[in-house]
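To keep things clear, I will list the structure first and then write my remarks on it.
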Amino acid sequence: MSATIDQAQREKVFYPDSDGQPMAENALQFKWIVLVKEGLEAVFRDDPNVFVAGDLLWYAQEGDPTIRVAPDAMVVFGRPKGHRGSYKQWEENGIAPQVVFEIQSPGNRFGEMLRKFRFYDERGVEEYYLYDPDTGELEGWRREEGRLREIPEMKGWVSPLLGIRFDPGEGPDDLKIYGPDGSRFRTPQEILEDEEALKRRAEAERQRAEEAEKRAETERQRAERLAARLRELGESID
């Protein structure tokens, strides 16, 4: 009977899909959240068993909706792609996200970031990356001996789980992230600009090919006229 009651109680627990907080506090933070999340989506686009999400509530314990956090981006290996209103770990074979990203903003308080770090540490996250685009500071932690330990040097660091490489710049908003194939994570605006540049190059190449074809045709016609003139001269001599 108690098991039935427990089940009924579990079914009454409400897990909101939103915590009422904005996804980002400013345009710069939003830019980096989108860049990281979409870049990771592209890296694992062909693997049906890698779930990538941005600003999705992760509920870690059934029955207690207060044990939750919403990473700016997270990667879960061993779980299928697909829409989720939230990530309920007990419905995902108990698998916790292995990699999480946080993009810091001026409004992030130290206590809040410490709480998140402890959550990720206690819940088994394997890699945790924190980037502050306002200062350019990038920090990372990797699980070693059961705890998240700081990565001493992030410049050139390659994530063991993701295969991506980090290249922090010398100032704000200057981080570059490269996928396993060497391609750089790009914003939607950069992708559009690159596509337009590619179209312009293709059009310029087409025009050059047309001009070369016209020159070749002009030269052929000139050669035919010359040959005809020579034949006429030869006939007149005969």
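Within region 68-160, the GluC sites (Glu not before Pro) that combine a DSSP coil assignment with at most 13 other C-beta atoms in a 10 angstrom radius are Glu145, Glu153.
Fewest neighbouring Cβ atoms within 10 Å first, the residues Met154, Met113 line up as Met113, Met154.
Per-residue ellipticity at 222 nm from helix content only, as computed over the chain with -39500 (n - 2.57) for each DSSP H run of at least four residues, stands at -13500 deg cm²/dmol.
Angle of helix 188-237 to the longest C-alpha principal axis of the chain, folded into 0 to 90 degrees and rounded to 10: 10°. Only Cα pairs under 8 Å and 6+ residues apart enter the sum, and on that basis the relative contact order of the chain stands at 13 percent. A cut-off under 14 angstrom between Cβ atoms defines the neighbours of Ala73, and their net charge, with Lys, Arg +1 and Asp, Glu -1, is -3. Among the listed pairs Lys81/Lys155; Lys155/Lys176; Lys31/Lys176; Lys12/Lys88; Lys116/Lys155, a Cα-Cα separation exceeding 20 Å is found for Lys81/Lys155; Lys116/Lys155.
Considering only DSSP beta bridges whose two residues both sit in region 30-136, what percent are antiparallel, to the nearest 5? List each step's numbers first, then the result.
On the way: 9 of 16 bridges.
If we restrict to bridges inside region 30-136, about 55 percent are antiparallel.
Do you know the relative contact order of region 104-146, to the nearest whole percent, from alpha carbon pairs under 8 angstrom that are 6+ apart? Each step should come with its number before you reach the end.
Working: 30 pairs, mean separation 15.8, N = 43.
Dividing the mean separation by the residue count of region 104-146 yields 37 percent.
For the chain, the longest principal axis of the C-alpha atoms and the axis of helix 2-12 are separated by about 50°.
Every number here is computed from the coordinates shown, using simple stated rules; none is lab data. Computed from a predicted structure; not experimentally measured. Heads up, the Cβs are rebuilt from the backbone with ideal geometry, glycines too, and the neighbour counts pull from every protein chain shown.
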